[in-house]
Structures are given as C-alpha cells and as structure tokens.
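Okay, so here's the structure we're looking at.
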Amino acid sequence: MFDIGFFEIIIIAIIALLVIGPERLPHAARMAGTWIGKIRRTVLSVKEELEQEVNLHEMKKRVEEQLMKDASLNDLKEAIEQSQELISGESTRKQMEDITENAGLTELKTELESGLDTLTNETISEADSTRLKEQDHPATNIASPGE
C-alpha cells in the first residue's frame, strides 16, 4: 500500500518514542493498530460492496441480453414453425396435384398402350390374312393394268 521499508519504520518508531515518551508509547501503538485495523476493514468492506454492485450490474446486463436473445429466438422459432406449416401445406397440395396428374397420365398411358396393342394386333392379323390370301390365290396377286 505505502512503500515503506524497514529503515523508515525504525525512524518513525524512534521519533514516536522521543515525542510520546516511553510510558505512553505502548498504549499509543495499540490505539494506532486498532485504528489501522478499523480503516482496513472499512476499506475492504467498501471494496467488496463495490465489487458486488459491479457484479450485480453485470449479471443484470447478462440476464437482459439473455432475455432478449430468448425473445428473438422465440420469434424466430414461431416464424420457422409458420414457414414449415406453409411449406408442408403447399407441398401437400403439390403432392396431391402430382398424384392427381400422375393418376390421369397413368390412365392415359394405359389406354394408349392398350390401343396401340390393339392396333398392332389388328395390323399383324390383317397382314397375316393378306399373306395367306396371296399364298392361296397367286393369280389375284397380279396387278391389273389400271393400277
């Protein structure tokens, strides 16, 4: 606290002995020690109170910041949930439309395939019947002069 060395303390003790005298010096030393102790305790208690106030202020600041973060996080969570609900509603709607479209396309595809199979089978059977007729009647195979 004070930069007092051993030599300075010896000088102060000698001066106190000369000024106060040998009879009252022990009592004065006790009183000085008591006052120094009281001053130290008072300074320490004030220092502790200041540290507590600073810590309390910092804690209040942290709590307020955390509450602000929590409030903003809650707002963000609500926004995300609403977005997810909208997205899931839209995706469900899109899925239903896709299913409906795919179902219609599937039916159309099935109809086209069956129609194509029918046409192919009819064409093959007509070609087969024409070949059979040509094999049975070679004379009809000769082209007429008008053709």
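The values are calculated or read from the model by the stated rules, or taken from the named source; none is laboratory data. Since this is a predicted model, take the numbers as computed values, not measurements. A quick note on method: Cβ atoms are made from the backbone with ideal geometry, for glycine too, and the neighbour counts reach across all protein chains shown.
Out of curiosity, is Ala16 in contact (Cβ under 8 Å) with a residue 12 or more places away in the chain, out of contact with any Pro (no Cβ under 6 Å at 6 or more places or on another chain) and either in a helix (DSSP H, G or I) or exposed (fewer than 10 other Cβ atoms within 10 Å of the Cβ) (or both)?
Values: in contact (Cβ under 8 Å) with a residue 12 or more places away in the chain: yes; out of contact with any Pro (no Cβ under 6 Å at 6 or more places or on another chain): yes; either in a helix (DSSP H, G or I) or exposed (fewer than 10 other Cβ atoms within 10 Å of the Cβ) (or both): yes.
Judged against the criteria, Ala16 is a match.
Any idea how many residues of segment 92-118 are modelled with pLDDT under 65 and of a type in the set (Ser, Thr, Tyr)?
2
Residue-wise test of (1) over 21 Å from the mean Cα position of the chain (by Cα); (2) acidic (Asp, Glu); (3) at pLDDT 85 or above.
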residue	(1), (2), (3)
Arg41	yes, no, yes
Glu58	yes, yes, yes
Ser72	no, no, no
Glu85	no, yes, no
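Identify all residues within segment 1-45 that are β-branched (Val, Ile, Thr) and out of contact with any helix residue (DSSP H, G or I) (no Cβ under 9 Å at 6 or more places or on another chain); write none if there are none.
Ile9, Ile10, Ile11, Ile12, Ile14, Ile15, Val19, Thr34, Ile36, Ile39, Thr42, Val43
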